[in-house]
Amino acid sequence: MSVTVCRKAHFNAAHRLCNPAWDDNRNKKTFGVCSNPNYHGHNYDLIVKVSGDVDPETGFVIDMNVLKKIIEENIIKRYDHKNLNLDVDDFKSKNPTAENIAIAIWNILRAKIDSKLGLKIVLYETERNFIEYGG
Ligand code: NI
C-alpha cells in the first residue's frame, strides 16, 4: 500500500533563456521576453512527492522534517535568490527552462532520498505553467 507524502517549497531566481548557438533574432523569436539579455525573475513553487509504504513503527513514509531539511539544504540554498545562468553550475551548458530546472532538482533529490521510495516533483514557474518530472 503506497502512500504519497508531499512537501511544498519556494524559491526566487533569475534566468535568461537563450541558445548561444543561435543569433539574437532566433533567440527572441523562440524564447520571447524570457530571452531578455538582462535576465528576469520568477517565483518558483516546488512540490516534492515521496511515495512508499508506511513504516509500521513510525507511521511515516518519510519524516517530513527530514524531507524539509533535504529540500532546504540541497535546493533552496542552491537556487534561491540566484541567477541560474551565472551563479550555479547546473545550467552552465543547459538552458534554465522549467523543464531543465525540474530535471536538475529531481536528480539532486534522488541522490538524497532512500532509493526504495518513489520521487516525483512538480515545479511551477508561474501560476499557470508547471512541469512534472519523475525520472
Ligand atoms: Ni522566464
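Computed from the coordinates by the stated procedures, all read-outs in this text should not be read as laboratory data. Note that this is a predicted model, so its numbers are computed, not measured. Here the Cβ positions follow ideal geometry from the backbone for every residue, glycine too, while neighbour counts run over all protein chains shown.
Structure above, values below:
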item: Matching residues, region 49-59, being more than 20 Å from residue 10 (Cα to Cα) and either part of a strand (DSSP E or B) or in contact with a helix residue (DSSP H, G or I) (Cβ under 8 Å, 6 or more places away or on another chain) (or both); result: 51, 52, 53
item: Residues of region 107-120 satisfying the condition of being surrounded by 11 or more Cβ atoms within 10 Å (Cβ to Cβ), aliphatic (A, V, I, L, M) and either assigned to a loop (DSSP other than H, G, I, E, B) or in contact with an Asp or Glu (Cβ under 7 Å, 6 or more places away or on another chain) (or both); result: 113, 117
item: Condition check for residue 93: touching a Leu at 6+ places or on another chain (Cβ under 6 Å) and without any contact (Cβ under 8 Å) to a residue 24 or more places away in the chain; result: no
item: Pair list, Cβ < 9 Å and 6+ apart or interchain, from region 30-42 residues that are among the hydrophobic types (A, V, I, L, M, F, W, C) to residues that are near the ligand (Cβ under 9 Å from one of its atoms) and not in a loop (DSSP other than H, G, I, E, B); result: 33/40; 34/15; 34/40
item: Every residue from region 49-85 that is within 16 Å of the ligand (Cβ to nearest atom) and of a type in the set (Lys, Arg); result: 82
item: Qualifying position, being in a loop (DSSP other than H, G, I, E, B), surrounded by 13 or more Cβ atoms within 10 Å (Cβ to Cβ), touching a residue at least 12 places away in the same chain (Cβ under 8 Å) and within 16 Å of the ligand (Cβ to nearest atom), among 17, 123, 46; result: 17
item: Residue list for region 1-14, restricted to those being within 27 Å of residue 118 (Cβ to Cβ), of a type outside the set (Gly, Ala, Ser) and part of a strand (DSSP E or B); result: 3, 4, 5, 6, 7, 8, 10, 11
item: Condition check for residue 62: crowded, with 18+ Cβ neighbours inside 10 Å and assigned to a loop (DSSP other than H, G, I, E, B); result: yes
item: Region 86-105, subset surrounded by 18 or more Cβ atoms within 10 Å (Cβ to Cβ) and away from the ligand (no atom under 15 Å from the Cβ), residue nearest to the chain's Cα centre (by Cα); result: 105
item: Members of region 20-43 found to be within 16 Å of the ligand (Cβ to nearest atom), of a type in the set (Gly, Ala, Ser) and farther than 30 Å from residue 112 by Cα, listed by number; result: 32, 35
